[in-house]
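Below is one structure; the comments refer to it alone.
Read-outs throughout are calculated quantities, based only on the coordinates presented, and are distinct from any laboratory measurement. Computed from a predicted structure; not experimentally measured. Positions of Cβ are backbone-derived with ideal geometry, glycine not excepted, and every protein chain shown enters the neighbour counts.
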Amino acid sequence: MLTDGNNKKTLIDSAIKTPSALAYDWLHGVLYWADSSHGNAKIEVVVVSNGHRHVLLTSPDVDNPRVLAVDPRPDHG
């Protein structure tokens, strides 16, 4: 567990234009974010342990995302 800011790791450093929301699934080690860039809005995810990144939703299925919430408990999905 990182508690003092040492051992930082870059997870995403490209192809994000207008980040607007973050949510972290602490049980599974997955980070979600919303990119609300006009005409190319999307919600993406990255697995923290291995950096595997993929898009979950894109325009027109998502428009102007601003808030994300994650409930990783098995009985809430």
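Highest mobility in the GNM of the chain, judged by mean-square fluctuation with C-alpha springs under 10 Å and restricted to VAL67, VAL48, VAL30, is found for VAL67.
Pairs of Cα atoms nearer than 8 Å and 6+ residues apart set the relative contact order; for the chain it is 27 percent. Each Cα pair under 8 Å and six or more residues apart adds its separation to the average, and for the stretch 19-58 the resulting relative contact order is 30 percent.
Here Rg and Dmax of the Cα atoms in Å was calculated from the structure, and among [x] 11.8, 38; [y] 13.4, 41; [z] 12.7, 38 it sits at label [y].
May I ask you to derive the FRET efficiency for ASP75 and VAL45 from their Cβ-Cβ distance with R0 = 25 Å, giving the value to the nearest 0.05? Calculated transfer efficiency: 0.75.
A Gaussian network model of the chain, with springs between Cα atoms under 10 Å, assigns the largest mean-square fluctuation among SER49, SER37, SER59 to SER49. One equal scatterer on each Cα of the stretch 19-58, no solvent, Debye formula: the resulting log10 I(q)/I(0) at q = 0.22 Å⁻¹ is -0.66.
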